[in-house]
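The values are calculated or read from the model by the stated rules, or taken from the named source; none is laboratory data. As the structure is a computational prediction, the values presented were derived from the model and not from experiment. Heads up, the Cβs are rebuilt from the backbone with ideal geometry, glycines too, and the neighbour counts pull from every protein chain shown. These accessible areas exclude ligands, DNA and RNA; they are computed on the full protein's heavy atoms, side chains included. Shrake-Rupley method; radii C 1.70, N 1.55, O 1.52, S 1.80 Å.
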Amino acid sequence: MSIASKYDASQVEDKWYRYWMEHNFFHSTPDNREPYTIVIPPPNVTGVLHMGHMLNNTIQDVLIRRARLLGKNACWVPGTDHASIATEAKVVAKLADQGIKKSDLTREEFLKHAYEWKDEYGGVILEQLKKLGASCDWDRTAFTMDPHMNESVIKTFVDLYNKGLIYRGYRMVNWDPEAKTTLSDEEVIHIEKQGLLYYINYKIEGSEDTLTIATTRPETIFGDTAICINPNDERFTHLKGKKAIVPISGRVIPIIEDDYVDVEFGTGCLKVTPAHDENDKVLGDKHNLEVIDIFNEDASLNSFGLHYEGQDRFECRKNIKTELEESGVLIKTENHINKVGTSERTKAVIEPRLSDQWFLKMEDLVKPAITSVLETGDVKLFPKKFENTYRHWMENIRDWNISRQLWWGQQIPAYYFGDGKEDFVVAETIEDAVTLSRKRTGNETLTAADLRQDEDALDTWFSSWLWPMSVFDGVRNPENEEFKYYYPTNDLVTGPDILFFWVARMIIAGYEYTDKRPFENVYLTGLVRDKQRRKMSKSLGNSPDALKLIEAYGADGVRVGLLLSSAAGNDLMFDEDLCNQGKGFVNKIWNAFRLIKGWDVSDTIKQPESSKKGLEWYNARFQQTLIEIEDHFSKYRISDALMATYKLIWDDFCSWLLEIAKPAYQQPMDRTTYNAIIEALENNLRILHPFAPFATEEIWQTIADRTPEEALIINRWPEQGVVNAQIIADFDYASQVVSGIRTIRKSKNIAFKDQIELHVVSNENASSDFDTIIAKLGNVSEIAFAKAPLEGALSFRVKSNEYFIPLAGAIDVEAEVAKIEEELKYTKGFLMSVSKKLSNERFVNNAPENVVSIERQKMADAEAKIEALEKRLSSLK
RNA sequence: GCGUCAUUAACUCAGUUGGUUCAGAGUGUUACCUUGACAGGGUAGAAGUCACUGGUUCGAAUCCAGUAUGACGCACCA
């Protein structure tokens, strides 16, 4: 059989993915094994796969595949969320292309379009995950607006309302004029923007005097209902009790006093616009000011804006500047940097706006979520540094605005039976609402037709915070078998950017509804950045096309590349070279397999000693690495686990073991060694499988014909044995001897095919177990023991052992002397520092015993080496 | 403004209770090596004042304080 010298992922990956799917290996049903569960952070239906998804889904797949190999019942639940704002915007835009306005549609008609859109595009990202190799249980694919998920959300809302935790309030909220909806505080991103500070004169009523205010938003003067000064500000005592006249509108407003005003800032006179500023609203409430809302829902001016009616706020700002200038009341403008709230989704500048919204009281709900993460460790964050951020948010939490003025999402189950603000009931179904309304009103003739459901939908996160429960139907049926089996889930892998949006809220919901954590460990990945350290994002266009990367490097290559340099929680500077390295690694093990497969095997020859010893050593190294990997995984140091695997396979297996075992050209190999090498390769495939699932399965299945039950994906993780540390140390010593030989060959241009002799003056009592290996790898005809240094030979030393390679002629005594003198100098310096340490009484008395004895050993080693070097030197002179 | 985290080789990063020849890895780079697994390879080498300044200690990349730079989070004064 001929095997390609280059591994071609494109020929392999789809084949095995199909095979795994056909045999249902990703599917999980409850049984008596220990469950291991992950729920995917549901990507939103408008999304396409980007680097962040690639990273965190690769990590999840590594964890799931490893759990599967460890014999656990691994269940990875995939799905998507409905992303109300983003999706509604897409659907509105698509309809606009077809000449349809949302306002011309009924809610039902709009939702029909939205579902059509979702059915067409909503699954794209999940299909892309398959290319990456994600072994999700696709039969369980969930969507936050599936009927049973909707029911769970509504049930939760009603329950929280009945507990008195949800209330309706008239508040200043964050209004996104583009999406025409409110946002929660978490959805607002503050960005520094260069703006202007406008200084504007207001006339004082009944006098020719003026006062000057400073504002960043001159267009809001139409909403001014007071001027506020600090009562202690002596500059303005003459203004007390007077009234001011707003420019343009000519409205007369009171001058009020409040020490909220900062004397230092601006002019010391503050215009108060209660409808359009949170702090002004507070002032307004305190001083009983009128509230004038000057904006429409798209942030254009309404009739209070007079001749600016209909203009956008920013357009108006420009125009009003001109008018104020012309009328001479605009004194000056200054550059001013201020932080402006923008919408996370639409990037629109947020407009503070007063309106009726639904809120969830957070104060008591967060308590178990604080205790579990910060005190009991019931839920653990990796890396730990996020605990501080978490604490800060949790301890300063504000009530959550959960209503959105959108149609795409779960409609709020509040039903109005009258025009009063309090004339509503909250119920899971319209039937219940009717019953409740009859009770409230005493009107027994009331029917569903008399009720009007609240127009608003719920925040998408109000669905996804239930995710770990609702995907197993645990909200509606907490006693169902699956929920009891899979919940609490084990690990959650996500980006730190949704720590509050999602992770914290899931923890809150988990404890509120099950009294249990929703998951045990939260692994927060870093952000993927480009080489200029910019965050990769769709809007910057600096994210490489995920599928093209997979095409170019193979899914395995991309997975390995991404993981190699992504320590937990640290940002990842993405560079395509990493994928290339991943691809190179896959190719390396492929070629190792090719080499092994190409050997002729003979049953009649005996196993060479070198192979036997080499295998003993490799097995010890393998066991040692297994422990290391285990330790890395336990700390979520995925990249370290991969690097340990990488080095084991590349350095120990390929560079050492295969070179040791390799038979001479066109010679066969003994059966014992061959079988052992295959076994070692299979073990390597087992531990590499989570990182590079496709290539490992391909090699696994090519090694031998396997039944589906024997597929690698459902095979077993190698068993942990005892590590023989001595053999590893002895081999390490031998490898230094090999390295010494190579260095000399290199420096003297002795070709490898030319055999050499090696003479040893043994001072070290080193093990001779690996002499056959030294002979083979150094192409040494004979290892001879000598009592004294050899004349006319090149030399090197390992510890205090001296090695000589006789070389006819061409020995440069002077160079040899210089080399030895340098080694001597270094070793003496080293000895000095060690003996200085040991002669320090306080060190010997205070340092732990083992540290002192290590230092003693170092001193003895150095002394022995110096002695050998000096002997050698005198023999040369 | 407050807080958190970072700063180690040309690049990306490890360094896990302060103590091995502890100053590391991978990539890159330099020199040499291609009939026989792999040039996506091999062998050997070079490369760092562990940001800076002090302190604690027998001993500091590691602990403490301050400074600088950067990232992130939170709150903001119009």
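A few remarks follow.
- For segment A:673-691, a residue qualifies if it is of a type in the set (Gly, Ala, Ser) and either touching a Phe, Trp or Tyr at 6+ places or on another chain (Cβ under 7 Å) or within 21 Å of A:Cys579 (Cα to Cα) (or both), and exactly one does: A:Ala680.
- Residue in segment A:186-209 that is on the phi > 0 side of the Ramachandran plot and of a type outside the set (Lys, Arg) present: yes
- For segment A:710-753, the tally of residues that are part of a loop (DSSP other than H, G, I, E, B), in contact with a Gly (Cβ under 8 Å, 6 or more places away or on another chain) and open to solvent by 80 Å² or more (accessible area, probe 1.4 Å) stands at 1.
- Scanning segment A:354-370 for residues that are closer than 27 Å to A:Arg391 by Cα, assigned to a strand (DSSP E or B) and among the aliphatic types (A, V, I, L, M) yields a single hit, A:Leu360.
- Among the residues of segment A:355-382, the one identified as within 16 Å of RNA strand B (Cβ to nearest atom) and acidic (Asp, Glu) is A:Glu363.
- Residue in segment A:432-454 that is closer than 30 Å to A:Pro518 by Cα and open to solvent by less than 20 Å² (accessible area, probe 1.4 Å) present: no
- Per-region count, segment A:416-431, residues open to solvent by 10 Å² or more (accessible area, probe 1.4 Å), part of a loop (DSSP other than H, G, I, E, B) and farther than 23 Å from A:Lys180 by Cα: 8
- Listed here are the helices (runs of 4 or more DSSP H) enclosed by segment A:781-877 that have at least 2 residues being touching a residue at least 12 places away in the same chain (Cβ under 8 Å): A:813-839, A:849-876.
- On the stretch given as segment A:489-516, residues that are closer than 21 Å to A:Thr141 by Cβ and touching a residue at least 60 places away in the same chain (Cβ under 8 Å) total 8.
- Residues of segment A:50-78 classified as assigned to a helix (DSSP H, G or I), charged (D, E, K, R) and open to solvent by 10 Å² or more (accessible area, probe 1.4 Å), total: 2
- Test: residue in segment A:548-571 that is closer than 29 Å to A:Asn779 by Cβ, in a helix (DSSP H, G or I), aliphatic (A, V, I, L, M) and within 12 Å of RNA strand B (Cβ to nearest atom): no
- In segment A:383-415, the residues that are within 12 Å of RNA strand B (Cβ to nearest atom), outside any loop (DSSP other than H, G, I, E, B) and open to solvent by 10 Å² or more (accessible area, probe 1.4 Å): A:Phe386, A:Glu387, A:Asn388, A:Thr389, A:Arg391, A:His392, A:Trp393, A:Glu395
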